[in-house]
1. Quick one: P(r) of region 295-410 from all Cα-Cα pairs, 10 Å bins, percents rounded to integers, in order of increasing distance.
2. About its Cα centre, what dipole magnitude does the chain give when the only charges are +1 on Lys and Arg Cβ and -1 on Asp and Glu Cβ, stated in debye to the nearest 20?
3. Taking 26 Å as the cut-off for C-alpha to C-alpha distance, list the pairs among Lys240/Lys461; Lys49/Lys196; Lys333/Lys376; Lys196/Lys408; Lys234/Lys463; Lys333/Lys361 that go past it.
4. Would you mind computing, in nm to one decimal, how far apart the modelled labels at Arg437 and Ser264 are, each placed 7 Å from Cα along Cα→Cβ?
5. Subtract the Cα-Cα distance of Thr328 and Gln390 from 0.36 nm times their separation in residues, and report this length gain in nm to one decimal.
6. Between Ser33 and Val139, with labels modelled 7 Å along Cα→Cβ, what's the label distance in nm to one decimal, could you check?
7. Please compute the alpha carbon radius of gyration of region 171-228, then divide it by the globular-protein estimate 2.2 N^0.38 Å. Two decimals is fine.
8. log₁₀ I(q)/I(0) of region 162-277 at q = 0.10 Å⁻¹, via Debye over equal Cα point scatterers, no solvent, to two decimals?
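The values are calculated or read from the model by the stated rules, or taken from the named source; none is laboratory data. The model shown is predicted, which means the values in this text are computed figures rather than measured ones. Methodologically, a virtual Cβ is constructed for each residue, glycine included, from the backbone with ideal geometry; neighbour enumeration extends over all protein chains shown. Protein only, heavy atoms only, side chains kept; ligands, DNA and RNA dropped before computing areas. Shrake-Rupley method; radii C 1.70, N 1.55, O 1.52, S 1.80 Å.
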Amino acid sequence: MSLPEAHFENQAPIDRPPTLGSVVLRAEGLTKSFGGHTVLDGVSVDLRKGEVVLLRGDNGSGKTTLLNILTGNLEPDSGQIQIHLNGTDKVLSFPLSLWKRLNPFTGFGPERMAQLGVARTWQDIRLFSTQDLCNNIAVAEPNQLGENPLWSLFRRRAVFRREVKNVTVAKLMLASLGLIGREASSADRISLGQSKRVAIARAVRAGAKILLLDEPLAGLDASGVEQVLELLGKLADDDKVTLVIVEHVFNIERILGFVDTVWSLDNGQLRVESPREVREEYVPEEGLGPVLWTLKVAGPGGKANQETLPGGATLTIAVPKVGSSPATVFEVKDLVVYRGGRLVIGAEDASGVRGLSFTLKEGQMAVLQAPNGWGKTTLLEAIAGVIPIQRGTITLGETEVTCMPSWKRAGLGISLLQARNHTLPRLTVKENLSLARVQRIPAAIKPLLYREVSSLSGGEKQKVAIACALDPPQSAIHLMDEPFAALDDKSIREVIGLIEQRISRVPALVAMPGGST
């Protein structure tokens, strides 16, 4: 079975030149267990100044656990971490003594590691949603004068000058990420890919010398990938920032030529490999892309209808061969959506604003590929009733749902898998599945039933979210925003199989990154 994702035309370039410096972080004998299950078993690694590392492994192999330990978000059961940054030599031995746990100068935690120069970005973007992009970056500057109440009162001019400089730097960083003109946009009004770029910029602005990135390219189109890789390349080559990157299986082939070293996690053990050794495992398969996937879904005699939408997006619909005319299950007609005064869904020309229209019939699946910022998430949320629309109609079967609240649409069978915030982190997996009325629990998540969702890896969370979105028996249409995010190759194939099983009865609209603008 082929993966439904088009690979970039420009595959991994040649390996980066060996320009690595001295060791800036050394981990020895790190172990970590959850509920008797050993995730890390004596992991030892060295990180050098300016080194770029790819950390890979299957879902649940411990990638996120290792990142959390190295950044102070999780304490290992045993082992040692040595940090040599900014003229400071810091040695932390685990388990920590009570004195070191209580002492803010010798303790271990994300704040202390950030002060030492170790930072990270997350799979689930953690921006300040109601703040604009410029402030999201500016707030990260360390040791701001305005943080001191006395200086704010008695050194007002100095504080003002520092703030003006800080905002100017933040705007320049946004421009370098292709987000010029979006400085005043709040973080909840930008795409997932744009959010990832802002998160990287914020970590850099905080003074990170070792930056650990959890899937920085996931959700980005080709242009966004190039912009982020260019930024990361400058950080590593010019500023000698050390990078550790966990990346989605779709992007590993693209990133291999960018890294110096590969860390492979398997059964709690870590082995160090060269990019040239690993690259041989990622030979592009034939039959990739939404057109061939939809043709497979359409079956013998079926076809894939492809429509080019304004803004560089493409809608590909699988149309199975049927004996009689299938009934229309879902219809969007003349849909127009604004967000923050900006036209997102629809196109403006000399005659005015033209809305988006399409239909889905029994047994059909549509794949929407669009560049970052086009409005894929906005479209799905508008259909589900999460955000309001300005014009148009949305019809499910013979029932118009345009003015219905989201909970009523869900009751009629509109199922939405969101790209983020798609689970309840403080509840267990079993409680999440129960709330979604899941009847058939996939074998892959049965061992996770009594774990809190917040303790799961990104891939494990995605599997739980997909089970919640696909299984409810009342579903009439599935809206899926980047369903393959955070999944390894095996899990992607399993999800494809689940989607294809459901398509025979329930149509689906799948949004994925793509496009060239």
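1. Whole-percent P(r) values from 0 Å outward: 13, 41, 34, 11, 1.
2. Working: 58 positive and 56 negative charges, 317 e Å.
Dipole magnitude for the chain comes out near 1520 debye.
3. Values: Lys240/Lys461 34 Å; Lys49/Lys196 24 Å; Lys333/Lys376 16 Å; Lys196/Lys408 32 Å; Lys234/Lys463 35 Å; Lys333/Lys361 14 Å.
Among Lys240/Lys461; Lys49/Lys196; Lys333/Lys376; Lys196/Lys408; Lys234/Lys463; Lys333/Lys361, the Cα-Cα distance tops 26 Å for Lys240/Lys461; Lys196/Lys408; Lys234/Lys463.
4. Computed distance between label sites Arg437 and Ser264 equals 4.6 nm.
5. Details: separation 62, 0.36 × 62 = 22.32 nm, distance 2.40 nm.
Extra length available between Thr328 and Gln390 comes to 19.9 nm.
6. 4.0 nm
7. Values: Rg = 11.1 Å, N = 58, 2.2 N^0.38 = 10.3 Å.
Relative to the rule-of-thumb radius for its length, region 171-228 sits at 1.08.
8. -0.34
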